[in-house]
Every structure is written in structure tokens, then in C-alpha cells.
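*Asks:* Below you'll find the structure I mean.
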Amino acid sequence: MDQYFEVDSFRSLCCGQRWFNFTCVRVICVWRDYARNRLIIMFVDKNREKMMAVVPTSLMQRYENYPLVDELYSIKHFKLSWDPSGCPKFEGYTFLYDDYAIDVSEPTRFTLLEENNFPFYPLVHTIETLVRIPRRRLLIDVVGKVISWRFLGLYCVFELLLQDHSGFVIKLILNDGPGRLPIVLAQAFIGQWVIYVSHVKYREWEGTNYLYSTHISKVVSLPVMPEAEATRNILG
């Protein structure tokens, strides 16, 4: 094995022949890419920046039994790649602004770490910034206070109006599936709580900006994160 470099932030990574060890990351999402039969793991680092790892078919079984989501890991012996044509896409939407990914190979090892004060959530742009993002098909996250809500159909589909500390508002179409709405979400709607929603699609239709949840979206009521605290301080 060539010399490896110890890093603790995604900004320190670079493409090429270098091998890296990452001291600590938190897993925030795992998705099975059936189209190419591979596993996609999303991480957040100490700076709350995101990066994905691509696990090839030959190694999927090694990681499918790991207790991945929300856990802390160190990652040893990996390289960074850049592949715009092969970058993972979820229903035509990319996960990140760029096309970098951690290549998981045979020598790569994940080691479970003890829980500490490491961030749980990635950085989230304000709603004002979201509506000005270049029109790339990108999965994004949003934090906002529930200003209003209404039921749209038989299968737990809701339209929420969210507002954050920027003062801007946006509509979120939240599809909770055929099951019953969890009590905590019902409380968030009625109580006009601040919520965090991950991996939503941004769309513009007839001059109106919308966000649409996906089946990999995570909804958290009253998240402990700076964006939520700023929204609560301004909007109550």
C-alpha cells in the first residue's frame, strides 16, 4: 500500500493516486442504486459538509449489515474519484454540487466510533438561497418553520408552507407514504414547529418554487442545528 494521508475534513481530499484515512464522519443516508447495483453512503464531516462513498457490487455484502445510518465511523485506505458520467443519481437528481466520491475498494475499512458531539446534520442553505440555485437537478435539504399545511390526498401527501430566518417561504410536498402520519409530525404541523427535511427535489412550476420529498427523505422535528435555532429566534 502506498503512503496514506490522515484527514479530518472533506476539503482536505483530492483526486489522484493518494490513499487517505478519514478520522471521523457521520453516516446520514444509505441508498441502494439498483440501476448499477451498488451502495451509496452519504457522510457529513466535522464542518457539516457532505461527501458520498460508492460501494461496488463485489463489496456490498460487507456493508449491508453494518449499523450505518446516524453512526460515527473512521474510514481507512480509500481514494477520491471524480466521474461526472458515473456520478450516482437518484431519480435523475444528483446528491452533491460536484461529482466527487469516495471509492470503496477491497482494502477500505470502516471502524465504528463512540458517540460524541459530532454534527448530525449537514449545512443547509436558506430558502432565499435555494430559489437562486443554478437549475441543476440536485437533491437538497431544507430547514423551516411550518407556517401552514393541508392534506392533499388519500396516501398521506401534505403540502407545507415553510419559512426560515431569511424571511423567504417555499412550498414542500411531503409524501409520507400509505401509512399513518407519525404523531410527532402531526404535532409539528399543528404546533408550527421548525423541521428539517433531507434529500428533497427542487422544482419550479408556473412561476412557483416547490420542494418534493422522496422516499429517502428524512424529516426531523425541532432539530438541534444552527439554522433551526436562527429560525426559532426570529420567527418564534
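*Asks:* When only residues in segment 48-65 that are closer than 19 Å to residue 218 by Cβ and not in a loop (DSSP other than H, G, I, E, B) count, which is farthest from the chain's Cα centre (by Cα)? So that I can check it myself, show each step before the final result.
*Replies:* Keep residues of segment 48-65 that are closer than 19 Å to residue 218 by Cβ, which gives 48-53.
Within this subset, residues satisfying the condition of being not in a loop (DSSP other than H, G, I, E, B) are 50-53.
Numbers: 50: 8, 51: 9, 52: 10, 53: 13 Å.
Among those that are closer than 19 Å to residue 218 by Cβ and not in a loop (DSSP other than H, G, I, E, B), it is 53.
*Asks:* Only one of (1) under 21 Å from residue 36 (Cβ atoms); (2) surrounded by 12 or more Cβ atoms within 10 Å (Cβ to Cβ); (3) charged (D, E, K, R) is not met by residue 141, so which one is it?
*Replies:* (1)
*Asks:* Take residue 68 and tell me if it is of a type in the set (A, V, I, L, M, F, W, C), crowded, with 16+ Cβ neighbours inside 10 Å and outside any strand (DSSP E or B). Steps first, please.
*Replies:* Details: of a type in the set (A, V, I, L, M, F, W, C): yes; crowded, with 16+ Cβ neighbours inside 10 Å: yes; outside any strand (DSSP E or B): yes.
In short, yes.
*Asks:* Which of the residues that make up segment 189-213 are outside any helix (DSSP H, G or I), of a type in the set (Gly, Ala, Ser) and more than 25 Å from residue 95 (Cβ to Cβ)? Reasoning before the result, please.
*Replies:* To start, the set of residues in segment 189-213 that are outside any helix (DSSP H, G or I) comprises 192-213.
Filter again for of a type in the set (Gly, Ala, Ser), leaving 198, 207, 213.
The answer is 207, and nothing else.
*Asks:* Take the residues in segment 72-93 that are of a type in the set (S, T, N, Q) and at pLDDT below 90; name whichever of them is surrounded by the fewest Cβ atoms within 10 Å (Cβ to Cβ). Reasoning before the result, please.
*Replies:* Of all residues in segment 72-93, those of a type in the set (S, T, N, Q) come to 74, 81, 85.
From what is left, the residues that are at pLDDT below 90 are 81, 85.
Numbers: 81: 15, 85: 5.
Of everything passing the filter in segment 72-93, 85 is surrounded by the fewest Cβ atoms within 10 Å (Cβ to Cβ).
*Asks:* Okay, moving on. State whether one or more residues within segment 24-37 are in contact (Cβ under 8 Å) with a residue 60 or more places away in the chain, over 17 Å from residue 119 (Cα atoms) and not assigned by TED's automatic domain parsing to the domain that holds residue 140. Please lay out each step first, then the result.
*Replies:* Going through segment 24-37, the residues in contact (Cβ under 8 Å) with a residue 60 or more places away in the chain turn out to be 24, 26, 28-29, 31.
With over 17 Å from residue 119 (Cα atoms) added as a condition, the list becomes 31.
Then drop every residue that is not not assigned by TED's automatic domain parsing to the domain that holds residue 140, which leaves 31.
Scanning segment 24-37, I find at least one residue that is in contact (Cβ under 8 Å) with a residue 60 or more places away in the chain, over 17 Å from residue 119 (Cα atoms) and not assigned by TED's automatic domain parsing to the domain that holds residue 140, so the answer is yes.
*Asks:* Please state which one of 167, 144, 92 is more than 21 Å from the chain's Cα centre (by Cα) and closer than 26 Å to residue 208 by Cα. Spell out how you get there, then give the answer.
*Replies:* On the way: 144 fails: more than 21 Å from the chain's Cα centre (by Cα); 92 fails: more than 21 Å from the chain's Cα centre (by Cα).
From the options 167, 144, 92, the qualifying one is 167.
*Asks:* For residue 81, are the conditions met, namely being free of Cβ contacts under 8 Å to residues at least 60 places away in the same chain and of a type in the set (Gly, Ala, Ser)? If you could, list the steps in order and put the result at the bottom.
*Replies:* Details: free of Cβ contacts under 8 Å to residues at least 60 places away in the same chain: no; of a type in the set (Gly, Ala, Ser): yes.
It is false that residue 81 is free of Cβ contacts under 8 Å to residues at least 60 places away in the same chain and of a type in the set (Gly, Ala, Ser).
*Asks:* Let me confirm something: among 69, 27, which residue is at negative phi and at pLDDT below 95? It would help to see each step written out before you state the result.
*Replies:* Working: 27 fails: at pLDDT below 95.
Only one candidate qualifies: 69.
The values are calculated or read from the model by the stated rules, or taken from the named source; none is laboratory data. Keep in mind that this is a model prediction, so the values were computed, not measured. Here the Cβ is made from the backbone with ideal geometry for all residues, glycine too, and neighbour counts use every protein chain on show.
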